[in-house]
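First comes the structure, then the notes that go with it.
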Amino acid sequence: MKKKMSILDFKKYKEEKRKFAYVTAYDYTMASIVDDSDVEIILVGDSLGMTMLGYDSTVPVTVEDMIHHGSAVVRGAKNTFITVDMPFGSYEVSKEEAVKNAVKIFKETGCDCVKLEGGTEYVDTIKTIIKAGVPVMGHIGLTPQSSTMLGGFKVQGTTPESAKKLIEDAKALEEAGCFSIVLECVPSVVGKKIAESVKVPILGIGAGKDVDCQVIVLQDMLGMYPDFKPKFVKIFANVRDEMLKGLNAYHEESVNGTFPSEEYSFNKKVDLSDL
Ligand code: KIV
């Protein structure tokens, strides 16, 4: 059985140049499968708004949604480090509200840390949350909650100026106390440069191979979510096709009467002659 990573392991892994892997999960069953795998970290991402709830973006997701899904994942994955996202609107309004929501998510789910999107502009908020005792993972680059402001789901850091701003963001988040930082959708050279610029692990999604850890959405890597497929998504197993095969076999046997056979029926004799 794998040993659960601790906050202290993140820096240690980076120092030892030991890579690790991070995947989303949003419910008990999927979390228990990830828990049985070698993957070290689970993200209860606000991407659940799209993959689980069918919204067009992550914006409508609420703190209650995150707690509902986050606590199910925590129940399903006892040996895996678990992050829960702070959804849009839960940390931007004031530091007080951010701390209140971070504490609520941390306390009511039993997760290991929260994650929030944003760079230098959120340093004070992050410091206040950490001071309250909740570990914070940063998230820079493409920040889906503000994708409208960024002009859509676009690659970030594509100019020297914007790459410099991302390096500054990563350093500011490290300085603020983030123990690791998600870096989403940047050119591989920018991913490498940022990973070399800080001592905390850079967890890359669409950030190339020279970061410290890879992140991916479970439904994407299992080919279960065909609505949107970014360039960085590799399908490692086509579970959707397997599910369709299973569902259609079930339908066929149900309508042609071969299911349930004796094996799947209760065969105890009951005398019904007087009924
Ligand atoms: O919500 C999510 O799944 C994320 C990943 C894209 C990193 O934040």
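The values are calculated or read from the model by the stated rules, or taken from the named source; none is laboratory data. This one's a predicted model, so the numbers in the text were calculated from it and none came from an experiment. Note that we place each Cβ from the backbone using ideal geometry, even for glycine, and neighbour counts take in every protein chain shown.
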Would you pick out the residues in the range 78-100 that are assigned to a loop (DSSP other than H, G, I, E, B) and within 13 Å of the ligand (Cβ to nearest atom)?
Met86, Pro87, Phe88
Scanning the range 128-138 residue by residue, the ones that are of a type in the set (S, T, N, Q) and within 11 Å of the ligand (Cβ to nearest atom) total 0
Give me a count of the residues in the range 139-180 that are surrounded by fewer than 21 Cβ atoms within 10 Å (Cβ to Cβ), part of a helix (DSSP H, G or I) and more than 15 Å from the ligand (Cβ to nearest atom).
13
With respect to Met1, determine if the residue is at pLDDT below 95 and farther than 19 Å from Gly138 by Cα.
yes
Within the range 49-67, can you find the residues that are of a type outside the set (A, V, I, L, M, F, W, C), closer than 26 Å to Lys100 by Cβ and within 15 Å of the ligand (Cβ to nearest atom)?
Gly49, Tyr55, Ser57, Thr58, Pro60, Thr62, Asp65
Can you tell me which residue in the range 209-227 is farthest from the ligand (Cβ to nearest atom), limited to those that are among the β-branched types (Val, Ile, Thr) and part of a strand (DSSP E or B)?
Ile216
What are the residues in the range 181-193 that are away from the ligand (no atom under 15 Å from the Cβ) and not in a loop (DSSP other than H, G, I, E, B), if any?
Ser188, Val189, Val190, Lys192, Lys193
Quick test of your reading of the structure: Asp241 fulfils all but one of (1) in contact (Cβ under 8 Å) with a residue 12 or more places away in the chain; (2) charged (D, E, K, R); (3) more than 16 Å from the ligand (Cβ to nearest atom); (4) loosely packed, with under 11 Cβ neighbours inside 10 Å. Name the failing condition by number.
(4)
Neighbours by Cβ (under 7 Å, 6+ apart or cross-chain): first from the range 15-37, in contact (Cβ under 8 Å) with a residue 12 or more places away in the chain; second among the hydroxyl-bearing types (Ser, Thr, Tyr) and assigned to a helix (DSSP H, G or I):
Phe20/Tyr13; Tyr26/Thr51
All-but-one check, Glu108 against (1) surrounded by fewer than 20 Cβ atoms within 10 Å (Cβ to Cβ); (2) not in a helix (DSSP H, G or I), failing number (2)
What about Ile130, is it among the β-branched types (Val, Ile, Thr) and in contact with a Leu (Cβ under 8 Å, 6 or more places away or on another chain)?
no
If you scan the range 26-48, which residues turn out to be within 10 Å of the ligand (Cβ to nearest atom) and either of a type outside the set (Asp, Glu) or surrounded by fewer than 24 Cβ atoms within 10 Å (Cβ to Cβ) (or both)?
Tyr26, Leu43, Val44, Gly45, Ser47, Leu48
